[in-house]
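These notes are about the structure you will find just below.
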Amino acid sequence: MTTPTIPARKPGGSRRWFLRAGTSFAAALAALRAPTSSAADLPGSLGAPVSGYGSRSRFERALRALGNARTPRSTVSYAPLRDTFGIVTPSSLHFERHHAGVPELDSATHTLTVHGLVDRPLVFSIDELKRLPSVSRFFFIECSGNTSSEWTGANAPDVQRSHGLTSCSEWTGVWLSTILRQSGAQPGATWIVAEGADAARVARSLPMDKAMKDVLVAYAQNGEPLRPEQGYPLRLIVPGVEGIANVKWLHRVKLVDRPAMTRWETSKYTDLLPDGTSRIFTFEMDAKSVITRPSGGETLPGAGVYEISGLAWTGRGAVARVDITTDGGRTWNPAELQAPVLPLAHTRFRWSWRWDGGETLIASRVTDETGYVQPTLIDLLKARGRFSGYHNNAIQPWKVTAAGVVTNGL
Amino acid sequence: MVSSRATVAIAALLCLTCAAAAAQSPALGLGHPASPEAVKAIDIDVLPDGRGLPPGHGTAAAGKPLYIAHCGACHGATGTEGPNDLLAGGRGTLTSARPIKTVGSFWPYATTLWDYINRAMPYEQPHSLAADDVYSITAFVLFLNGIVGERDVVSETTLPLVKMPNQNGFVPDNRANENLPRR
């Protein structure tokens with residue numbers, strides 16, 4: 001979004017004085033913005049009383065950026081990554097991808113039906129699910145279309161629109177394996193089909209081994225019930241796997257002996273290669289990282305020390321290291337990783353940078369615990385061609401001009 | 001007469017069976033039986049082999065006016081005009097400089113078309129079409145792609161037999177074989 005603005009004090013003289021004195025315009029701006037403290041600014045009267053449900057300061061304005069306005073019920077909203085901190089995305093700012101709008105579902109009447117190749121088809125109320133052994137875990141969810149705008153070079157103006165289709169939350173629910181054991185999976189069950197209760201009944205198939213491994217049926221996010229736009233009252237969390245598989249508004253799980261080949265795993269979310277074939281069921285999200293500060297759309301007030309901060313994640317385990325370049329890729333320096341580094345969750349990295357005021361490119365590069373190294377866009381294009389669409393995890397450079405203006409450096 | 005040794009062995013076996021059963025289905029007693037009727041009312045999945053398709057039939061000829069009324073505004077009179085997803089044309093473009101992914105050029109299974117129309121279309125009024133109407137609109141979209149004839153009957157038995165042009169165009173996830181540089 002925007003750089004936090006401190007009200008500019010009226011300068012004593014004209015800006016030209018600073019310029020004539022040989023100070024750069026950026027430094028002049030910095031001087032104009034220099035914070036001052038004053039007892040007169042401290043409150044002298046009583047504040048607001050206690051309240052039932054909190055809201056943020058009226059001085060904070062970060063918002064999700066909305067996608068295609070022509071189809072507001074089948075589009076995305078991007079999380080403002082530059083204005084989030086740590087590894088948790090506030091639930092209110094978690095990215096969205098809906099295919100038929102957000103349904104209004106009541107947790108008192110919503111149910112989950114498990115059927116198909118099971119010994120006992122069962123219906124669970126939300127209250128019954130909450131009586132099963134619960135688990136809380138931090139997991140990222142990334143839409144496989146995240147960063148698809150950048151396949152052909154710089155397109156998005158800022159990190160929100162280039163990378164804002166990833167978010168990370170603490171999810172609470174029941175392991176799907178616990179629920180499936182209540183119904184008793186039959187030996188022929190090799191896949192599940194999970195379906196949402198949205199108008200389009202969005203449905204995805206998942207292999208049974210993944211379903212039994214670490215898939216969560218979540219009813220809570222960041223300590224409170226799911227938000228409607230995140231699947232209230234029930235959603236699937238498929239750790240490390242492309243967002244579309246994390247079926248929201250979950251109401252039905254069917255055990256089957258082959259994938260259903262729904263529209264969302266054939267026509268969409270398949271990756272076209274140069275030879276005309278398309279990869280299908282590309283579940284895991286490859287290791288990816290991006291600098292969120294400084295990033296596109298902001299202006300650095302002048303040479304000096306800046307903390308470079310960003311997010312890294314991988315669908316194949318934990319982040320092992322993140323390296324930072326501030327000279328366009330000539331040299332790389334290991335960033336500090338904020339503990340705890342959790343598998344299948346966002347990892348926050350940081351590195352202190354002394355900018356000399358010259359034009360440069362800055363970027364981050366993640367290596368995950370499997371040894372996989374985040375590729376450049378050129379390497380990805382060589383491997384996949386221009387029309388793969390999904391799963392763009394390329395290194396994202398930001399260009400910093402001598403005036404401190406930060407733009408998309410692809 | 002069963003020897004005491006055999007009795008012990010049988011008891012041990014029974015115990016093992018119990019343990020295995022307990023591990024498979026912890027007797028938590030939660031969840032209520034879902035009746036076949038209740039499941040049938042919500043189970044709309046259609047598999048590529050046709051399982052899940054309800055009895056019914058349609059033709060492209062019957063589907064054309066339904067398509068124009070329910071689909072034309074978003075997908076165009078011949079499925080090539082947009083403004084939303086293109087449904088027809090694009091054959092042979094997947095390796096070109098401008099790939100066009102349509103039902104005819106890209107979708108691997110005809111059953112997916114029936115399933116998607118049935119669960120999500122028309123966009124503003126999903127779940128409003130009768131099964132026969134879904135068969136007819138499916139037939140018309142296949143006809144627009146030259147995959148079935150105008151009078152061919154598309155039904156729960158014939159639809160799974162339709163071979164889509166790009167059915168063999170999909171490969172499993174082989175990203176591990178990509179020659180991306182390692183450090």
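For region A:245-267, the set of residues classified as within 9 Å of another protein chain (Cβ to nearest Cβ) and of a type in the set (Lys, Arg) consists of A:Arg252, A:Lys254, A:Arg258, A:Arg263, listed by residue number. The sole residue among A:Phe59, A:Phe95, A:Phe85, A:Phe138 that is crowded, with 19+ Cβ neighbours inside 10 Å and hydrophobic (A, V, I, L, M, F, W, C) is A:Phe95. Exactly one residue out of A:Tyr53, A:Tyr78 is of a type in the set (Phe, Trp, Tyr) and surrounded by 14 or more Cβ atoms within 10 Å (Cβ to Cβ): that is A:Tyr78. Sort through A:Ser144, A:Ser162, A:Ser125 and tell me the only one that's at pLDDT 95 or above, surrounded by fewer than 22 Cβ atoms within 10 Å (Cβ to Cβ), assigned by TED's automatic domain parsing to the domain that holds A:Thr111 and among the hydroxyl-bearing types (Ser, Thr, Tyr). When all the criteria are applied, what remains is A:Ser125. Where strands (runs of 3 or more DSSP E) fall entirely within region A:284-397, those with at least 2 residues that are of a type in the set (Phe, Trp, Tyr) are at A:304-313, A:347-355.
Show me the helices (runs of 4 or more DSSP H) entirely contained within region B:5-80 in which 2 or more residues are within 14 Å of another protein chain (Cβ to nearest Cβ) and modelled with pLDDT of 95 or more. Spell out the reasoning first.
Details: elements: B:36-42, B:60-70, B:72-75.
The helices (runs of 4 or more DSSP H) meeting that bar are B:36-42, B:72-75.
With farther than 30 Å from A:Arg321 by Cβ, within 13 Å of chain B (Cβ to nearest Cβ) and acidic (Asp, Glu) as the only criterion, which of A:Asp286, A:Asp271, A:Asp275 stands out? Only one candidate qualifies: A:Asp275. Checked against (1) under 12 Å from the mean Cα position of the chain (by Cα); (2) part of a loop (DSSP other than H, G, I, E, B), A:Glu60 meets all criteria but (1). Does B:Arg182 satisfy the criteria of being within 14 Å of chain A (Cβ to nearest Cβ), surrounded by fewer than 14 Cβ atoms within 10 Å (Cβ to Cβ) and outside any helix (DSSP H, G or I)? Against the criterion (within 14 Å of chain A (Cβ to nearest Cβ), surrounded by fewer than 14 Cβ atoms within 10 Å (Cβ to Cβ) and outside any helix (DSSP H, G or I)), B:Arg182 qualifies.
For B:Tyr135, the conditions (1) closer than 16 Å to A:Asp271 by Cβ; (2) touching a strand residue (DSSP E or B) at 6+ places or on another chain (Cβ under 6 Å) all hold with the exception of (1).
How many of the residues in region B:89-127 are small (Gly, Ala, Ser), more than 8 Å from chain A (Cβ to nearest Cβ) and within 26 Å of A:Phe281 (Cβ to Cβ)? Step through it out loud before you land on a result.
Going residue by residue through region B:89-127, those that are small (Gly, Ala, Ser) are B:89-90, B:92, B:96-97, B:104-105, B:110, B:120.
Subset that is more than 8 Å from chain A (Cβ to nearest Cβ): B:89-90, B:92, B:96-97, B:104-105, B:110.
Checking which are within 26 Å of A:Phe281 (Cβ to Cβ) leaves us with B:90, B:92, B:96, B:104-105, B:110.
The qualifying residues number 6.
Filtering region A:240-257 to residues that are in a loop (DSSP other than H, G, I, E, B) and either in contact with a Phe, Trp or Tyr (Cβ under 6 Å, 6 or more places away or on another chain) or hydrophobic (A, V, I, L, M, F, W, C) (or both) leaves A:Val247, A:Trp249.
A single entry from A:Arg181, A:Arg201 fulfils the requirement of being free of Cβ contacts under 8 Å to residues at least 24 places away in the same chain and in a loop (DSSP other than H, G, I, E, B): A:Arg201. Apart from one condition, A:Ala154 fits all of (1) surrounded by fewer than 22 Cβ atoms within 10 Å (Cβ to Cβ); (2) within 12 Å of another protein chain (Cβ to nearest Cβ); (3) not in a helix (DSSP H, G or I); the exception is (2).
Name every residue in region B:99-122 that is in a helix (DSSP H, G or I) and among the basic types (Lys, Arg), in order of residue number.
Taking region B:99-122 first, the residues in a helix (DSSP H, G or I) are B:110-120.
Once the filter is applied, which keeps residues that are in a helix (DSSP H, G or I) and among the basic types (Lys, Arg), region B:99-122 yields only B:Arg119.
The values are calculated or read from the model by the stated rules, or taken from the named source; none is laboratory data. Keep in mind it's a predicted model, so treat the numbers as computed, not measured. In this analysis, Cβ positions are derived from the backbone assuming ideal geometry, glycine residues included, and neighbour counts consider all displayed protein chains.
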